[in-house]
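**Student:** Just dropping this structure here.
The values are calculated or read from the model by the stated rules, or taken from the named source; none is laboratory data. Bear in mind that the values here come from a model prediction, so they are computed numbers and not experimental data. All Cβ positions, even for glycine, are placed from backbone atoms using ideal geometry, and neighbour counts span all protein chains on display. For the accessible areas, the whole protein counts, side chains as well, though only heavy atoms, and no ligand, DNA or RNA atoms are used. Shrake-Rupley method; radii C 1.70, N 1.55, O 1.52, S 1.80 Å.
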Amino acid sequence: MTEQFQPSLEFIELLVAVTEGDLDAAQRDELNEIINNDAGSREYYVEYVSLHAMLELQHHRTPTVEMPLESTRELLPTQQSNWTPFISFAIAASLLFAVVHYVYNNYGPGRNVVATLIDGSHFAWQNADDQPLDGSLKPGRGQIVAGRGNLELSGGVLIVMQGPADFELLGEPNRFKFDRGVMRAVVPPEAEGFTVIAGGIEIVDLGTEFGLSVDKHNDVEVHVFKGSVRVANKITLVKDEGQGINHKGEFYKPRREAKTYPPVK
Amino acid sequence: MQQQPPHGHRSTQPNAVPSSNDTVQLMLTNQNRLFGFILSLVGNREQANDLLQQTNLILWEKLDDFEPGTNFMAWAFQIARYQVMALRQKQGRDRHVFDDEAVSLIATAFETQSERFDDRLTALTQCIQQLPDDGRNLIHRRYGDGWSVKNLANEIGQSANRLAVRLHRLRAMLMECIQSKCEPL
């Protein structure tokens, strides 16, 4: 059916809004109406969104899911009936840590372990052959779809991430790439100089603990909790200071409050 | 620094949950299909992510209820669909999701199409290779690098509308190519 179907410009706008996550309430109503009344459009819509999901899959956005702890199952009825952001976070933080693991050909089995997954035995990996089951991690890209995840880099840095988050374990023990989400880094003295690459800029630790967020527009925000941090080789932040840098490299006052960064357990 | 699992932890180690292990694998390997399904029902990525999370929690809770040999995806879709409908009931007049009729119609269409998901995925790999170089690069930047159309448009100095249309055309080409490679049911 779809090969004969020619979507209108208005319908195309709605499809694009869906794939970009920009669909507003009025557009949703419009799309709702089309879906209810036009089988051809409906089929096209489903095929289009399905393709969108497949393209994400083709480009390494494949989630696997950590199994929840038995003790936290008791929280589920509360979570299902009161899905507030706070409960969502609390449940997600303790329960569901879904990891998307990106497999690149250049990350072969012979590569060195560069990090340890804290509570690693709790995690299931979609490609179990690619990452050892003992919690040791090799270079590669990953994603936390929801909940919190803790990694310890081989240089000693503790990374606490809150999903959804995209990251990459690089081949160096003291460098980490963070593409999206919210994280906290706790850097021991021996790992001073630890560098996070986020949104195209480098955040260099000068002996500290700091929070970092990267949003979908590639805007980066940094908050320092202890010590100091050098941002984009332009400014140095000290304890309790924060800075935002947008995707054009312009500085702005950070929107995120320091207390919203994931705490260390 | 690695911690021991607390008492009662349901490990994913093969020996820990032998009765549910296959079902766990089904759940793990079908996350994208499930996400696509939910996304088609709500039309919003963030909302779809939240609903996927809720659906996963319920799937996990009910894992032992699943009968091996029956259609896992139909079961998972049904649970996801209930989550979407519950969200709509909760949001009421805010109308942030499609109405129940639309959800039902989309779900039916998606479930039918989903039976060919793996074939379509294989075809997609081939079809991407058939795109012109600039189109393939654009798809890669949009999906591989995760750029939004707006940011990508800024980066390459094109209007967002023009770029969105270009991306749409590429998706339409891919849909047509996939269809030509996959036999209809």
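**Student:** Give the average, rounded to an integer, of partner chain Cβ atoms located within 10 angstrom of each Cβ in B:24-37. Working shown, then result.
**Tutor:** Numbers: counts 4, 4, 0, 4, 12, 5, 1, 10, 9, 4, 2, 7, 9, 4.
Average per residue, whole number: 5.
**Student:** Using a basic spin-label model with each label point 7 Å from the Cα along Cα→Cβ, how many nm lie between A:Ile235 and B:Arg162?
**Tutor:** Label-label distance for A:Ile235 and B:Arg162, simple model: 3.5 nm.
**Student:** In nm, to one decimal, how far is the B:Gln25 label point from the A:Ala258 one, both placed 7 Å along Cα→Cβ?
**Tutor:** That separation, rounded to one decimal, is 4.9 nm.
**Student:** Compare A:Ser136, A:Ser8 by solvent-accessible area with a 1.4 Å probe and give them largest first, with all protein chains kept in place. Numbers along the way, then the final one.
**Tutor:** Working: A:Ser136 20, A:Ser8 55 Å².
Per-residue accessible area, sorted high to low, gives A:Ser8, A:Ser136.
**Student:** Can you compute the FRET efficiency between A:Glu10 and B:Thr108 using 1/(1 + (r/R0)^6), with r the Cβ-Cβ distance and R0 = 25 Å? Round to the nearest 0.05. Mind dumping the intermediate values first?
**Tutor:** On the way: r = 24 Å, r/R0 = 0.97.
For R0 = 25 Å, the calculated efficiency reads 0.55.
**Student:** Hey, another quick one. Using heavy-atom solvent-accessible surface (probe 1.4 Å) with all chains present, what is the largest-first order of A:Phe210, A:Phe5? Please list the in-between numbers first.
**Tutor:** On the way: A:Phe210 0, A:Phe5 40 Å².
Ranked from most to least accessible, the order is A:Phe5, A:Phe210.
**Student:** May I ask for the accessible area buried between chains B and A, both sides summed, probe 1.4 Å, to the nearest 100 Å²?
**Tutor:** Details: alone 12710 and 14350 Å², together 19790 Å².
Buried surface at the B/A interface: approximately 7300 Å².
**Student:** In nm, to one decimal, how far is the modelled label at B:Glu155 from the one at A:Glu172, with both set 7 Å along Cα→Cβ?
**Tutor:** 2.2
**Student:** Another question, then. Across peptide B:133-146, what mean number of C-beta atoms from other chains lies inside 10 Å of a residue's C-beta? Each step should come with its number before you reach the end.
**Tutor:** On the way: counts 0, 0, 0, 0, 0, 0, 3, 3, 1, 5, 10, 7, 3, 10.
Whole-number average of other-chain Cβ neighbours for B:133-146 is 3.
**Student:** Separate question: Express in Å², to the nearest 10, the accessible area of B:Thr125 obtained by rolling a 1.4 Å probe over the protein heavy atoms while all chains stay in place.
**Tutor:** 70
**Student:** Please report the base-10 log of the normalised intensity I(q)/I(0) for the stretch A:149-265, using a Debye sum with one equal scatterer per alpha carbon and no solvent, at each q in 0.18 (1/Å).
**Tutor:** Taking Cα atoms of the stretch A:149-265 as identical point scatterers yields -0.81.
**Student:** Just reorder A:Met161, B:Met173 by solvent-accessible area, largest first, 1.4 Å probe, all chains present. Mind showing how you got there, number by number?
**Tutor:** Numbers: A:Met161 0, B:Met173 90 Å².
My answer, sorted largest first, is B:Met173, A:Met161.
**Student:** Same structure again: Might you work out the accessible area of A:Ser228 for me, using a 1.4 Å probe with all protein chains in place, and round it to the nearest 10 Å²?
**Tutor:** Its accessible surface works out to 20 Å², give or take rounding.
**Student:** Find out how many positive minus negative residues lie around A:Thr195, taking Lys and Arg as positive, Asp and Glu as negative, among other residues whose Cβ is under 12 Å from that of A:Thr195.
**Tutor:** Numbers: positive: A:Arg175, A:Lys177, A:Arg230; negative: A:Glu172, A:Glu192, A:Glu202, A:Asp205.
Neighbour charge sum, excluding A:Thr195 itself: -1.
**Student:** For the stretch B:21-114, report the % of Cα-Cα distances exceeding 15 Å. Walk me through the numbers before you get to the answer.
**Tutor:** On the way: 2453 of 4371 pairs.
Counting every Cα pair in the stretch B:21-114, those more than 15 Å apart make up 56 percent.
**Student:** Continuing with this model, one more query. If ligands, DNA and RNA are left out, what is the accessible area of B:Arg45 with a 1.4 Å probe, given in Å² to the nearest 10?
**Tutor:** Spelled out: B:Arg45, probe radius 1.4 Å, area about 50 Å².
**Student:** Evaluate peptide B:102-112: per residue, the Cβ atoms of other protein chains within 10 Å of its Cβ; return the mean as an integer.
**Tutor:** Details: counts 10, 2, 1, 8, 8, 1, 2, 9, 7, 1, 2.
Partner Cβ neighbours, averaged per residue: 5.
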